[in-house]
Amino acid sequence: MAFSTAQPVPGSSELRISQSATAEGTRIYLFRVLSATGPQDIRRFAGVRFSSSYILHALTRSVTKAANPAGSDTKPVFAVFEGGRQILATAGWSGRAESRRSLAPWLPRWEVAGAYSGATVEGIARGQFRRDLLISLLALAALGLAAFATFTMATRETRLARMKSAFVSNVSHEMKTPLALISMYAETLESGKVSAPEKVRDYYRIILRESRKLAGMVENVLDFARLESGNAPIQLEPIDLGGIAAEVVRNCDERLRLEGFRVSLDIEPELPLIDGNHQALSQALLNLLDNAVKYSASAKEIGVAVRRAGGSVVVEITDQGIGIDPSEQQRIFEQFYRVGDPMTQRVRGAGLGLALVRYIVTAHRGRLELRSTPGKGSAFSVVLPAHAAGASPS
Ligand code: ADP
């Protein structure tokens, strides 16, 4: 047998330690020389043989655990000491031990020391702590987010349910009033009790106004349901927005004049066409005009202006009415939403008009803008991109 090292174990002149490299790994021998002709020429000996893996893994497992409380995968390194003198070390052993363990009672003078290559236990523990903390924080954030999402969804559902039931009662109430007025004035006329031509004309006018209101409301509800179902996508074609605005104003002109309104119409010449749907845009502008009328209170001045702005065409409908509080200006575009103040509540409505306008404008790849000051009035602008060819109407 060839020994790579063979030193007497201190305290016993004949007890020696040696290691040899074999195909299965390093082997360690602890033996007593029985006969020898010289220090390196041993003839007979007796002792025990350990495989290095047994020493390094089985015997030192406790050292690993002690040195690696956090279970890090940093590479462990070991050294074996005999009487305080290092007799064996794995590659990467720096001489700095994180933990030591005696191999007594069977190898009383031996000790195994463990450490981590390129790291200290404190550093590993700190890193592990940071990692654990980060994971906990992430888990906490995910939990918080999920709770927030659930809460928001539940709140939105509750709000929508409340608004829907308000809508149902609003609509039925709104329909009842014009129906009651229509039937009352029609009955009076039918009875023949009213003969003054002026009165008769007034009654016919009321019937016409109320039936228009009713028709408008039914139109809005049906349009909204149709568009929201996605079954009737809006078809676009190059059209003249100024012409649509003029037509809408023309159709309401007489009624508005009779109600004491002054409506100014200002259409810039040579406007480019837009990609639009005649019926949908008429409905949107009519709703905005209708709101300007409904929420004008005593200042009966309405302006409708159509102009070019960069690559867009803008229709602006202004009134000098009750205005909208800044805190409400986002919400009024939600379906079924109505401002809660008494001035608005006095006016009839179902909270669908602006939601429908927004829907139509979005379908035209446009945007809806609002400037409003409570007590001074509002300006709603429909901004629609000009038709790509930018042609003017002939
Ligand atoms: P409705 O008029 O049927 O209530 P809309 O969706 O058209 O429903 O409008 C939503 C709300 O926005 C109205 O209830 C009203 O409070 C507010 N609003 C809309 N247009 C105006 C306006 N021109 N001036 C003041 N408030 C307005």
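Below, the figures for the structure above:
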read-out	value
Number of the exception - GLY349 against (1) within 10 Å of the ligand (Cβ to nearest atom); (2) at pLDDT 80 or above	(2)
Test: residue in region 309-327 that is over 30 Å from LEU271 (Cβ atoms), among the polar types (S, T, N, Q), surrounded by fewer than 19 Cβ atoms within 10 Å (Cβ to Cβ) and within 11 Å of the ligand (Cβ to nearest atom)	no
Hey, ALA292 without any contact (Cβ under 8 Å) to a residue 60 or more places away in the chain, touching an Asp or Glu at 6+ places or on another chain (Cβ under 7 Å) and within 16 Å of the ligand (Cβ to nearest atom) or not	no
Residue in region 126-149 that is within 16 Å of the ligand (Cβ to nearest atom), among the acidic types (Asp, Glu) and surrounded by 10 or more Cβ atoms within 10 Å (Cβ to Cβ) present	no
Those residues of region 352-368 which are within 13 Å of the ligand (Cβ to nearest atom), within 25 Å of the chain's Cα centre (by Cα) and not aliphatic (A, V, I, L, M), in sequence order	ARG358, TYR359
Qualifying residue in region 203-220 (condition: of a type outside the set (Lys, Arg), exposed (fewer than 10 other Cβ atoms within 10 Å of the Cβ) and over 24 Å from ARG358 (Cα atoms))	no
Test: residue in region 40-63 that is charged (D, E, K, R), surrounded by 12 or more Cβ atoms within 10 Å (Cβ to Cβ) and at pLDDT below 70	yes
So GLU187, is it surrounded by 10 or more Cβ atoms within 10 Å (Cβ to Cβ), within 25 Å of ARG212 (Cα to Cα) and at pLDDT 90 or above	yes
Near pairs, Cβ below 7 angstrom, 6+ apart or cross-chain, from region 129-144 (modelled with pLDDT of 95 or more) to any residue that is not basic (Lys, Arg)	none
Residue among ARG365, ARG371, ARG348 that is more than 17 Å from LYS294 (Cβ to Cβ) and assigned to a loop (DSSP other than H, G, I, E, B)	ARG365
Residues of region 328-346 classified as free of Cβ contacts under 8 Å to residues at least 40 places away in the same chain, under 20 Å from GLY216 (Cα atoms) and within 10 Å of the ligand (Cβ to nearest atom), total	3
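The values are calculated or read from the model by the stated rules, or taken from the named source; none is laboratory data. In this text the structure is predicted, and so the values were computed from the model without any measurement. Neighbour counts run over all protein chains shown; Cβ positions are idealised from the backbone, glycine included.
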